[in-house]
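*Asks:* I'd like to ask you about the structure that follows.
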Amino acid sequence: MAIYVTRSSMPDINDYIEEIKPIFESRILTNMGPVYKRFQSQLMAYLDVPELSLFANGHLALEMAIQALGLKERGEQLGGGEVITTPFTFVSTTHAIARNNLKPVFCDIRRSDYCIDPDKIEALITDKTVAIIPVHVYGNICDVNKIENIAERHNLKVIYDGAHAFGETYNGVGVGNFGDATMFSFHATKVFNTVEGGAVAFRDKRYGVPLHELKNFGIHGPETITAIGGNAKMDEFRAALGICNLKRMDACIAGRKAAYDRYMQRLSGVDGIVLSQQKPEIDYNYSYFAVYFDKEKFGKSRDDVFAMLKEENIYARKYFYPAINDLKCYRDICTEQTPVAHDVSLNILTLPLYEELDVSDVDRICDIILR
Ligand code: T4K
């Protein structure tokens, strides 16, 4: 049987049926109904965040967070705003910036955790910079203290793309409490899913009104439209799946951790294989298992390993290749040099990792790699 990079975690079907029965009875299917509200408050407790707005997906959540924080307008006032971000991410992060008419300015990453290098941010700040949008890549939490110190000194907003960091903590604090806002993705391929879905966590209550309204056409009241919004609401059926999956998070993370630990055991210390080391201050969700292949030392390249696994029906993924600033739609407008991100994107492979991945399958994958 084929093994893919991930496999959606699902609740017991009867649990879901129980959860959706009231929706069939009430016929309230969407527009922030009772299931949405229950899911929202459960998530706020789980993530330990004071404010949260739910969305149809993570991408629109990020796009609308940028708009809700007024970055689009601020950029327009400056005759074109700039946002410092990472090129080592899923293309959604950059598109969310560009679709707000802001220019992404790419900052290089650190080799240790593939997150934005905070020591390289300040050199990129200009009088047009309005924000920093870092990504907690693979669930590795960025250096939030350094980033927020820079933002404070230069009066910049910080929005974290936390698509990979659901439920994690940093020194015991929920990851959604850092910066001005944090986006989470609940896509089917994520640690926690609602099929499609996402959220923005934030601390400043003032962002709540625009965030809640932007995702519902900017509707403030029955006869009042306050902003040019869109439609990015999470419906009741997805909220119901979220409620069911949230109950299963401990089992889901335990399953992932068992597979993750086995990979670590089998692949640590192998010449030419670089694994990112876990930090004691982070409570991880084990969302991805990434391996950097140093061809000189290992003898095979990332692409060789990818192809060998594929021959055995194992589908690892090159998250994230190409680096975003190597894509046609960005390479001509963004000229910053990011050699580390470029190199990492050419040599990194994310191996299959999901709740139900058996340790014997991890062994088979490692055997192929080590062979
Ligand atoms: N920022 C970051 C850093 C992100 O990584 C993402 C999303 C976003 C923002 C945007 O959040 P969302 O708007 O998506 O909420 C996937 C996902 O579509 C995407 O959500 C994710 N990042 C990205 C890293 O990966 P693909 O094109 O690689 O997915 P796909 O369809 O090839 O699926 C991969 C494997 O997952 C399949 O081989 C099998 C398994 N799978 C897939 C689906 C669709 C399942 O088990 N169930 C499923 O329903 O993009």
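The values are calculated or read from the model by the stated rules, or taken from the named source; none is laboratory data. The model shown is predicted, which means the values in this text are computed figures rather than measured ones. Using ideal geometry, Cβ is built from the backbone for each residue, glycine included, and neighbour counts are taken over all protein chains shown. Surface areas here come from the heavy atoms of the whole protein model, side chains and all, with no ligands, DNA or RNA. Shrake-Rupley method; radii C 1.70, N 1.55, O 1.52, S 1.80 Å.
*Asks:* Could you list, in sequence order, the residues of segment 124-146 that are away from the ligand (no atom under 11 Å from the Cβ), touching a Phe, Trp or Tyr at 6+ places or on another chain (Cβ under 8 Å) and open to solvent by less than 10 Å² (accessible area, probe 1.4 Å)?
*Replies:* Result: I141, C142, V144.
Yes or no, residue by residue, for (1) within 16 Å of the ligand (Cβ to nearest atom); (2) in contact with a helix residue (DSSP H, G or I) (Cβ under 7 Å, 6 or more places away or on another chain):
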residue	(1), (2)
L52	yes, yes
L60	yes, no
T85	yes, yes
P104	yes, yes
R111	no, yes
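*Asks:* Moving to a separate point now. For segment 339-367, which residues satisfy the criterion of being open to solvent by 10 Å² or more (accessible area, probe 1.4 Å) and more than 15 Å from the ligand (Cβ to nearest atom)?
*Replies:* Selection gives P339, V340, H342, D343, L346, N347, D358, V359, S360, D363, R364, D367.
*Asks:* Among S8, S92, which is the only one that is closer than 20 Å to F166 by Cβ, within 16 Å of the ligand (Cβ to nearest atom) and open to solvent by 40 Å² or more (accessible area, probe 1.4 Å)?
*Replies:* Selected residue: S8, the only one of S8, S92 that is closer than 20 Å to F166 by Cβ, within 16 Å of the ligand (Cβ to nearest atom) and open to solvent by 40 Å² or more (accessible area, probe 1.4 Å).
*Asks:* Looking only at residues that are touching a Leu at 6+ places or on another chain (Cβ under 8 Å) and closer than 29 Å to D119 by Cβ in segment 62-79, which one is surrounded by the fewest Cβ atoms within 10 Å (Cβ to Cβ)?
*Replies:* Per the stated criteria, the residue is K72.
*Asks:* Can you name every residue in segment 261-275 that is outside any strand (DSSP E or B) and open to solvent by less than 20 Å² (accessible area, probe 1.4 Å)?
*Replies:* Y263, L267, G272
*Asks:* Of all the residues that make up segment 156-193, how many are open to solvent by 30 Å² or more (accessible area, probe 1.4 Å), within 30 Å of Y4 (Cβ to Cβ) and in contact with a strand residue (DSSP E or B) (Cβ under 6 Å, 6 or more places away or on another chain)?
*Replies:* 1
*Asks:* Those residues that are at positive phi and open to solvent by 40 Å² or more (accessible area, probe 1.4 Å), I need them from segment 95-123; list them, please. Full working, then the answer.
*Replies:* Going residue by residue through segment 95-123, those that are at positive phi are 101, 114.
Listed by number, the list holds a single entry, N101.
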